[in-house]
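Student: What follows is a single structure, and I will ask about it in a moment.
The values are calculated or read from the model by the stated rules, or taken from the named source; none is laboratory data. In this text the structure is predicted, and so the values were computed from the model without any measurement. Cβ placement follows ideal geometry from the backbone for every residue including glycine, while neighbour counts extend to all protein chains displayed. To get the accessible areas, we keep the full protein, side chains included, count just its heavy atoms, and leave off ligands, DNA and RNA. Shrake-Rupley method; radii C 1.70, N 1.55, O 1.52, S 1.80 Å.
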Amino acid sequence: MNFRQRWMERLINLYPPLVGAGIRSRTLDERTVEVEMKLTAFNVNLVGVHFGGSLYAMCDPWFMLILMRLLGKDYIVWDKAASIQFKKPGRGRVKARFHIPLERVEEIRKDVDAQGKIEPVFFVDVVGEEGEVIASVEKLLYVRRKKPAQQV
């Protein structure tokens, strides 16, 4: 990971929707991001636990950003759909770890090159301080190769 990428990934922690929800990210390596969120006055719901929208917000961009970095500039990566299932009330600090194994990246690259576009699915659990699953998230991405620039 180069200096610019590291700087941009630190800058994302200043993005207002993440700051407002108390969400902090930390890049562990080029394929892994760990995200955490404390329970604060800005992300608590009416019954005193994490607001569901904040739980989803902490999971929103990471698989897309990781895959964009790993595939490089020749590919387009978009979030296409998501679902979240709330398992338990979230209290205190919650965490999620987003990781895409190198084998999966190469499989995606190969499939896109062969098929033109694909829609890979990724899963992540949001866990509480005791390791209990608070929510399970499924993310559907859209990936295709960029079209070559037209020559004049």
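Each row is one residue, and each column tells you yes or no for (1) open to solvent by 90 Å² or more (accessible area, probe 1.4 Å); (2) free of Cβ contacts under 8 Å to residues at least 40 places away in the same chain.
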| residue | (1), (2) |
| --- | --- |
| G116 | no, yes |
| V124 | no, no |
| E129 | yes, yes |
| I134 | no, no |
| L140 | no, no |
| V143 | no, no |
| K146 | yes, no |
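Student: I'd like to know if the range 72-95 contains one or more residues that are more than 20 Å from C59 (Cα to Cα), out of contact with any Lys or Arg (no Cβ under 8 Å at 6 or more places or on another chain), open to solvent by 70 Å² or more (accessible area, probe 1.4 Å) and free of Cβ contacts under 8 Å to residues at least 12 places away in the same chain.
Tutor: no
Student: For the range 73-122, which positions are aromatic (F, W, Y) and closer than 29 Å to A41 by Cα?
Tutor: F86, F98 - these are the residues of the range 73-122 that are aromatic (F, W, Y) and closer than 29 Å to A41 by Cα.
Student: Could you check how many residues of the range 79-111 are of a type outside the set (A, V, I, L, M), touching a Leu at 6+ places or on another chain (Cβ under 7 Å) and on the phi < 0 side of the Ramachandran plot?
Tutor: Within the range 79-111, residues that are of a type outside the set (A, V, I, L, M), touching a Leu at 6+ places or on another chain (Cβ under 7 Å) and on the phi < 0 side of the Ramachandran plot number 5.
To keep it simple, each residue is scored yes or no on (1) small (G, A, S); (2) out of contact with any helix residue (DSSP H, G or I) (no Cβ under 7 Å at 6 or more places or on another chain); (3) open to solvent by less than 40 Å² (accessible area, probe 1.4 Å); (4) at pLDDT 80 or above.
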position	(1), (2), (3), (4)
R24	no, no, no, yes
T32	no, yes, yes, yes
F42	no, no, no, yes
L46	no, yes, no, yes
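Student: A follow-up question, please. I want to confirm something. Restricting to the range 96-114 and keeping residues that are of a type in the set (A, V, I, L, M, F, W, C) and within 17 Å of L28 (Cβ to Cβ), which single residue is surrounded by the fewest Cβ atoms within 10 Å (Cβ to Cβ)?
Tutor: L102
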